[in-house]
Structure formats: C-alpha cells, structure tokens
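No lab work stands behind these numbers, since they all come straight from the coordinates. Keep in mind the model is a prediction, meaning the values are calculated, not measured. For neighbour counting, all protein chains shown are included, and Cβ atoms are generated from backbone atoms with ideal geometry for every residue, glycine included.
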Amino acid sequence: MKKYRFGFDIWGLALFFLIMIPNFIWFAIPAQHDILRGESITPIVDTIASITQVIMIICLCIFKNKERLCHNKWLIFDEK
C-alpha cells in the first residue's frame, strides 16, 4: 500500500465505464426472455458478489499509484 495514495482517478472511472459497456447495452435492449431478471436461488452469493463489485469500482476510482507509469499505445508498464 506504500505505492498508492488516495485521490480521484479519472482513468479508473473511464475503465469502469469501458468494462460496463455490455451491461449498458443489455440494460437498454434486454433480451425477450431474460433469465437474469428472475428470482435467484442463491441470494446470499448474489449479495456478496454485488458488494465486492462495488468495492472494486470504489478502489479503481480512489487508489492512485504514486510511481510514474509509462504509457504506450498498446501497453502500460512500470518504468523500473
């Protein structure tokens, strides 16, 4: 945790939206017989999964690496 600091990272938010594009499409144009909108047989597992997803998004947006990263068109890597 020494390499990280707290702060808002716009790239973390952009990564979240990039990951969520299929979900936004599914929400806008749902399938006719969407089995994912029905009753769940594992509500506790679903709740735990939802909580960890929210924690992941929060971490993407608030933890920033103090060290400078090299940005390439295809790759992001550490300068070490």
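Using a Förster distance of 25 Å, how high is the FRET efficiency between residue 6 and residue 53, based on the Cβ-Cβ distance and rounded to 0.05? Walk me through the numbers before you get to the answer.
Values: r = 20 Å, r/R0 = 0.82.
In this case the efficiency is close to 0.75.
So if each residue of separation counts as 0.36 nm, and I subtract the Cα-Cα distance between residue 35 and residue 21, what length gain in nm does that give?
Values: separation 14, 0.36 × 14 = 5.04 nm, distance 1.98 nm.
Full extension of this stretch gives 3.1 nm more.
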